[in-house]
Amino acid sequence: MSADRPLKVALFGSGRIGQVHARNILANPGLELVAIADPIIESAQALAEGTGAVAVTTADEVFAIDGLDAVIIGSPTNTHVDLISRAAANGVAALCEKPIDLDLDRVLACRDSLRGSETPLMLGFNRRFDPNFSAVQSRVSTGEIGKLEQLTIISRDPAPAPAAYIANSGGIFRDQSIHDLDMARFFVPDIIEVSATGSNLFCDYIEEAGDFDSVVITLRGRDGEQITIINSRHSAFGHDQRLEAFGSEGMLTAGNLTPTSVRKFTAAGAEEADPYLNFFLERYAEAYRSELGSFEAAVRTGTACSPGFDDGLQALLLANAAEESARSGRVVKIGQA
Ligand SMILES: NC(=O)c1ccc[n+]([C@@H]2O[C@H](COP(=O)([O-])OP(=O)(O)OC[C@H]3O[C@@H](n4cnc5c(N)ncnc54)[C@H](O)[C@@H]3O)[C@@H](O)[C@H]2O)c1
């Protein structure tokens, strides 16, 4: 791949995440946004306006673009498998949003269809690219805190998504926890056991949908590492995103981010700060940029994308196992898919 010309990139989806990717493509001199596809043409047109990209409604139009190097798949989850397969069949690199699909059988069929393909494919587990979380992970991996023994990941949304979203989300484990399950695998790739509990503590429509609003997942790694994931669909103080890695020789932590480091100390309260960065689009803005940069580098150099398809599959297996454990009250062993 020539380093002296920008990669031609098309974007599927002009919704919440599509807008983030469009901004980041445009800000990256190594990438040229050539098309935005969305069946709602007005939405594609609005995002494409003034960018030089064409607005289209179908995948056929995208894959007919001469010299297309890559696609970013930011369309709804049920479109991912088809678009991943089409990108691979056309030899076009893809960065696909998580999850690959909510249905394990479809993910396994997609994996079979990709066998033998060398076309780069990255999964959008953006939190691996958060500068704080990735610094903790790399310092753990270089042994700064000795042997990793326990990892705690806390991830709470500010407020529940609307009922219509919850109904199609695939449930809290596959929708929300999946990011944290991938984060767990970022530190401890080989997970052998999952247990989970789910509760309905505050949201009637989540309970009516048969889903949980609060879950705790415990994972065990092959070397006995203990990982705890705490998720809630709400948090009175905003988007709560923290992790703590505890090792034989110390601990590394990454806390919540505020827009500034200014703190107020008065008789009424010590260390009052601005509210946390809210919501994921702001909190992980840097991670989305860095993820795109990593994708570009992998496409240019022909190196394997990380995280890749298998990471998407493994996270889904863990999410399914967590759901099974929470429903059955049993510990679920993780086997080979
Ligand atoms: N990594 C993250 O942090 C993150 C955050 C949000 C969403 N996501 C994922 O991104 C995907 C999209 O989520 P969203 O919140 O942006 O949804 P959204 O509903 O805001 O936007 C989706 C857009 O895709 C369009 N669309 C529908 N079918 C399409 C098709 N076949 N081709 C092209 N466009 C199509 C819709 O018209 C809509 O404009 C989901 O898979 C979601 O899980 C990831």
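The values are calculated or read from the model by the stated rules, or taken from the named source; none is laboratory data. Not measured: the values here are computed from a predicted model. Cβ atoms come from the backbone with ideal geometry, glycine included; neighbour counts cover every protein chain shown. In case anyone asks, the SASA skips ligands and DNA or RNA and just uses the protein heavy atoms, side chains included. Shrake-Rupley method; radii C 1.70, N 1.55, O 1.52, S 1.80 Å.
Each 10 Å bin from 0 upward holds the following percent of the Cα-Cα pairs of the stretch 7-119: 15, 49, 30, 6, 0.
Ranked from largest to smallest solvent-accessible area, with a 1.4 Å probe on the protein heavy atoms, Glu193, Glu42, Glu144, Glu118 come out as Glu118, Glu42, Glu144, Glu193. The trypsin sites (Lys or Arg not before Pro) of the stretch 51-150 that meet both conditions, a loop assignment by DSSP and at most 14 other Cβ atoms within 10 Å of the site Cβ, are Arg115, Lys147.
Under a Gaussian network description of the chain, with springs only between Cα atoms under 10 Å, the residue in Pro259, Pro307, Pro99 that fluctuates furthest is Pro259.
Largest accessible area first, the listed residues Lys333, Lys264, Lys98 line up as Lys333, Lys264, Lys98 when surface is computed with a 1.4 Å probe on the assembled protein chains. The stretch 79-109 and the stretch 52-66 have their alpha-carbon centroids 18 Å apart. Only Lys, Arg, Asp and Glu carry charge here, each on its Cβ (+1 for the first two, -1 for the last two); on that basis the chain has a dipole of about 520 debye about its Cα centre.
Across all C-alpha atoms in the chain, the radius of gyration and Dmax reach 20.4, 66 Å.
Explain nothing, just the number: dipole magnitude of the stretch 7-119 about its Cα centre with +1 on each Lys and Arg Cβ and -1 on each Asp and Glu Cβ, in debye rounded to the nearest 20.
280
In the chain, the portion of solvent-accessible area held by carbon and sulfur atoms comes to 50 percent [1.4 Å probe, whole percent, DNA, RNA and ligands not counted].
Accessible area per residue for the stretch 73-220, computed on protein heavy atoms with a 1.4 Å probe, is 40 Å².
The H on the amide N of Ala37, modeled in the peptide plane, is under 5 Å from the matching H of Leu11, Phe12, Gly13, Val56, each at least 5 residues off or on a different chain.
I need to check one value: relative contact order of the chain, counting alpha carbon pairs closer than 8 Å and at least 6 residues apart, in percent.
Taking the mean separation of contacting Cα pairs over the length of the chain, I get 20 percent.
Give the lysines whose C-alpha is closer than 29 Å to that of Lys8, dropping any in the same chain fewer than 8 places away, or say none. Reachable lysines: Lys98. Annotation: amide H-H contacts under 5 Å for Glu193 (H modelled 1.01 Å from N, sequence separation of 5 or more, or interchain): Arg220, Ile334. Largest first, the residues Phe237, Phe12, Phe280 sort by 1.4 Å accessible area into Phe237, Phe280, Phe12. For the stretch 65-215, the Cβ-based charge dipole about the Cα centre amounts to some 480 debye (Lys, Arg positive; Asp, Glu negative; other atoms uncharged).
Given the stretch 218-337, what whole percent of its Cα pairs are spread farther than 17 Å?
Here the tail beyond 17 Å accounts for 75 percent of pairs.
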